[in-house]
Each structure stands twice: as structure tokens, then as C-alpha cells.
1. Residues of region 233-249 being of a type in the set (A, V, I, L, M, F, W, C), at pLDDT 85 or above and over 17 Å from residue 99 (Cα atoms), which ones?
2. Which residues, taken from region 78-137, are under 12 Å from the mean Cα position of the chain (by Cα), over 25 Å from residue 164 (Cβ atoms) and part of a loop (DSSP other than H, G, I, E, B)?
3. Which is within 27 Å of residue 182 (Cβ to Cβ) and either of a type in the set (D, E, K, R) or modelled with pLDDT under 80 (or both), of 214, 229, 289?
4. May I ask you to verify whether residue 98 is without any contact (Cβ under 8 Å) to a residue 24 or more places away in the chain and more than 17 Å from residue 150 (Cβ to Cβ)?
5. Hey, can you tell me all the residues within region 219-277 that are closer than 21 Å to residue 175 by Cα and part of a loop (DSSP other than H, G, I, E, B)?
6. Looking at region 54-77, which of its residues are under 19 Å from residue 150 (Cβ atoms) and part of a loop (DSSP other than H, G, I, E, B)?
7. Which condition breaks for residue 109 when tested against (1) modelled with pLDDT under 95; (2) polar (S, T, N, Q); (3) out of contact with any Phe, Trp or Tyr (no Cβ under 8 Å at 6 or more places or on another chain)?
Amino acid sequence: MPSKQRTPKQFRERGVEIPLAPIYEKLERDTIDSIEPLWKKYPKASTMWDLLATDPETRANLDMANYLTVSKMAYNDHGETHARIVAANGLLIYDLLVSARIAPDVARSGAGDEDDACAVIVAACFLHDIGNQVNRQGHELMGAVMARPVLDRLMPQLYPDVERRVELRAFILHAIHSHDLNPPPLTFEGAVVALADGTDVTKGRGRASFDLGKVDIHSVSALAIDEVKIARGEKRPVEIIVTLNNSAGIFQIEDTLTRRLRNSPLAPHVTVVAVTHPVEADTDTRILKRLYFENGEFQNE
């Protein structure tokens, strides 16, 4: 099976694009490479990935969601790169859980098998943030509304049976609507999407907002995280290891990642570990050297 393309070449430098930090683009490539061995195991999920990754409407939705969040609100990346990293991490988390014989809701309900559940997670991860193009407030519900016509157009290629397709679509829409815990996810698949969304917290993603002048605990703590690794745990099926260069990163872990495990169906199965880097150092890496408050906000100098 051919490697997944990061961004199809014929669509690069076309339309609305937000420049990304090279380290974030490298993270995207490395993350997608890491899931390559899993595609033979989940062929329907692989097809779902390809359908969405090459779909002009999906790409345009993500580009405009990114434009509003990054350019207008100075938020972290919410575009194609974020969507692909979240989808890849969702696949890694899902495979570890299923390998530990934890059954997804899609399989338990009879709506499909484990491959179908994986396809649900891939689709929801790809589309979870498209509602941001309308407004950040209420983007979860708006994303579910906007995702439906995309799914109705693409899913028949993978699921010709109407009843099966509509049932799986319901799982996808629920996961999109609940990915930011407002409301909280009620399904295994929704919980995986929410957690996967919280794993994309490295400094590469936060670089754009910081460079645009946003200096607060959100942007600074994002720059404090060097790496997030998803692996099989010794005591639990999933262990998420976060490497910090500065203690400020604990805010990002708390605010973005671990809050998604509280009251989550996945809570008994996931451990989060934070590690400072380098371990032997007595001090943190300095992120800010001089900060001043002017015109109602902090400025970095």
C-alpha cells in the first residue's frame, strides 16, 4: 500500500494557506510515517483517509478554519496539518486499545466491525475542527453540521449500504460534536477523537500564534513542549509521554490533554507521563527574555 501523502502536490500553494513552522511540518511527516504499518490492518480506515485527504471541499474547510483561528484569533494551528496529526494519533491510540481487547462502540452496537470503528475515528479527526471557519464559539456543533454533506458525498464510495452508512455517520457526527468536551463524548470513538485532539500540543503547532504576537500562558506553554509520544504502557494499554523543555508546559498538559481523560470512557486505560528535558539540567530552557504590557496586552521583545 502506498504511503499516505502529507498534502497532495497538485494542491500545495493553492488558495488560503497559513505558513507553518518547519518543525511542525516534520512532525506531520513523522507521525504519518509511524502509522504506515497499520493500514493493512484497517483497510476501510485507509480508504477513508484517502477520500478526505484528497477531497477539495475538506481541504478548503480546513484552510478557512485555520485562517480564522490563526490569522484572526492568533490561536494554534487548526488546519490540515493539525487534522492529519490528530487522525494519525487517533489511529495509534485506537490500535493500542483494540489490541488490549477493549471493544469500540461501533462493534458493540452492531453498526460495524473494528475496521469500521477505525474509519469513524479517522473521519471525525479529519473533520473535527472545520466549524472554526464560522466561529470559534460553537465550532463543535457547527462542525458536525458542516461535516454531514461532506460525509454524505464521500461515504457511499466506501459504504454503499444506506443503513450501515447512516449508522456510522452518526458515530462520526457525535465524535465531532463532542471532541472539545462540550458536550462530553459518550462513545469509545468520541473519547478517542477527543484525546487525540489533545495530543497535538507541541511547540511546532504553537509557533505561529506566538510569532503573531500572542504572549500568554497558552502560547508560552505550547512552546515548552518538545515531543509527544504514544506508546504501549506497562500497566495500561496506552501511555502518552510528553517531553518538556520548560515547566510552563504543565499548563498545556493540564488544559489541553489530561482534562480530556477526566470522566472519559478511556480514563482507566491511559496514563500520561511528563518528562523534563534534558533530565540532567538544573534549569529550564528560557522562552521569554523580556516582556512588557502595552495597549492592553503583553508584548514579547
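The values are calculated or read from the model by the stated rules, or taken from the named source; none is laboratory data. Computed from a prediction, not measured in an experiment: that's the story for all the values here. As a convention, Cβ positions derive from the backbone with ideal geometry for all residues, glycine included, and neighbour counts pool all protein chains shown.
1. Quick first cut of region 233-249, residues of a type in the set (A, V, I, L, M, F, W, C) only: 238, 240-242, 244, 248.
Checking which are at pLDDT 85 or above leaves us with 238, 240-242, 244.
The answer is 241, 242, 244.
2. Correct list: 78, 79, 129.
3. On the way: 229 fails: within 27 Å of residue 182 (Cβ to Cβ); 289 fails: within 27 Å of residue 182 (Cβ to Cβ).
None of the others qualify; the one that does is 214.
4. Details: without any contact (Cβ under 8 Å) to a residue 24 or more places away in the chain: yes; more than 17 Å from residue 150 (Cβ to Cβ): yes.
Yes, satisfied.
5. Residues satisfying the conditions are 261, 262, 263, 264, 265, 266.
6. Those that are under 19 Å from residue 150 (Cβ atoms) and part of a loop (DSSP other than H, G, I, E, B): 54, 55.
7. (1)
Matching residues to (1) outside the structural domain of residue 64 (by TED's automatic domain parsing); (2) surrounded by 24 or more Cβ atoms within 10 Å (Cβ to Cβ); (3) closer than 24 Å to residue 200 by Cα; (4) in contact (Cβ under 8 Å) with a residue 24 or more places away in the chain:
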{"residue": "102", "(1), (2), (3), (4)": "no, no, yes, yes"}
{"residue": "110", "(1), (2), (3), (4)": "no, no, no, no"}
{"residue": "126", "(1), (2), (3), (4)": "no, yes, yes, yes"}
{"residue": "130", "(1), (2), (3), (4)": "no, yes, yes, yes"}
{"residue": "140", "(1), (2), (3), (4)": "no, no, yes, yes"}
{"residue": "144", "(1), (2), (3), (4)": "no, no, yes, yes"}
{"residue": "147", "(1), (2), (3), (4)": "no, yes, yes, yes"}
{"residue": "165", "(1), (2), (3), (4)": "no, no, no, no"}
